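Below is one structure, written out as structure tokens; comments come after it.
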Amino acid sequence: MLTAKDRMEDKVAGLDAGADDYLVKPFGMVELLARLEHCKRSDSPSFQPQHLQVGSLTLDYATHTVCFQNTDSDQQVIPLTSKEFQLLEYFMKHPNQIVTRDQIQNQLWEVSAEPISNVVAAQMRLLRRKLTQTGDHRLIETIHGIGYRLNQSHEPK
């Protein structure tokens with residue numbers, strides 16, 4: 001929220017009304033840019049893209065699905081559960097990077113949830129089963145003793 005109202009009551013009312021931030025005029029351009037960068041880093045909904053694309057996969061935030069573009073230019077929609085969607089999103093935000101089981105567990109489950117030890121492996125199995133529909137069995141590869149990796153450059157045969 002950008003406004004000339006600088007009373008504490010106005011700031012509280014603005015933030016209570018749903019503003020992510022409250023900036024009083026006059027302001028410095030450097031401060032505005034810093035606040036915008038902060039909103040962007042904190043995954044504010046207003047900065048969230050509608051799609052995330054890595055290789056042939058497109059994650060659609062509006063429909064909570066993933067689409068696969070095959071070599072015949074056909075688009076195949078793969079419905080995902082909420083946890084599968086979060087897991088694939090995490091991989092797509094870190095393509096070609098090795099992601100450990102602990103990183104996945106810390107990212108997808110709350111600390112207080114204390115998931116059972118094989119929950120990551122079980123979710124990986126379910127996600128891979130659905131991604132196998134694309135014809136690519138090696139899209140997410142297991143790096144034994146370390147973790148998993150989404151192969152961005154690997155295209156199905």
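Read the figures in this text as sums done on the coordinates, not as results from a lab. Fair warning: this is a prediction, and the values are worked out from it, not measured in the lab. Here Cβ is always computed from backbone atoms with ideal geometry, including for glycine, and neighbour counts include all displayed protein chains.
If we count every other residue with Cβ under 12 angstrom of Leu108's Cβ, Lys/Arg +1 and Asp/Glu -1, where does the sum land?
-2
Sorting Glu84, Glu110 on the 10 Å Cβ count, fewest up front, what's the list?
Lowest count first: Glu110, Glu84.
Determine, for His144, His64, His94, the number of other Cβ atoms within 10 Å of each Cβ, and report the residues in order from fewest to most.
By the 10 Å Cβ count, ascending, the order reads His144, His64, His94.
Taking the 0 to 90 degree range and rounding to the nearest ten, how far is the long axis of helix 29-41 tilted relative to the main principal axis of the chain, both from C-alpha atoms?
Between the helix axis and the principal axis of the chain, the angle is about 30 degrees.
Gap in Å between the Cα centre of segment 76-110 and the Cα centre of segment 2-41?
33 Å
Which whole-number percentage describes the relative contact order of segment 51-150, with Cα contacts under 8 Å and a sequence gap of 6 or more?
The value is 25 percent.
What does the charge count near Arg149 come to, summing +1 for each Lys or Arg and -1 for each Asp or Glu among other residues with Cβ under 12 Å from its Cβ? Working shown, then result.
Numbers: positive: Arg138; negative: Glu141.
Here the charged neighbours net out to 0.
Angle between the Cα long axis of helix 119-131 and the longest principal axis of the chain, 0 to 90 degrees, nearest 10?
70 degrees
Could you tell me how many degrees, from 0 to 90 and to the nearest 10, lie between the Cα long axis of helix 82-93 and the main elongation axis, the longest principal axis, of the Cα atoms of the chain?
80 degrees
I'd like the per residue volume of the convex hull spanned by the Cα atoms of the chain, given in cubic angstrom.
For the chain, the hull spanned by Cα atoms encloses 159 Å³ per residue.
Could you work out the local net charge near Leu126, counting Lys and Arg as +1, Asp and Glu as -1, over the other residues with Cβ closer than 13 Å to its Cβ?
So the environment of Leu126 carries a net charge of +4.
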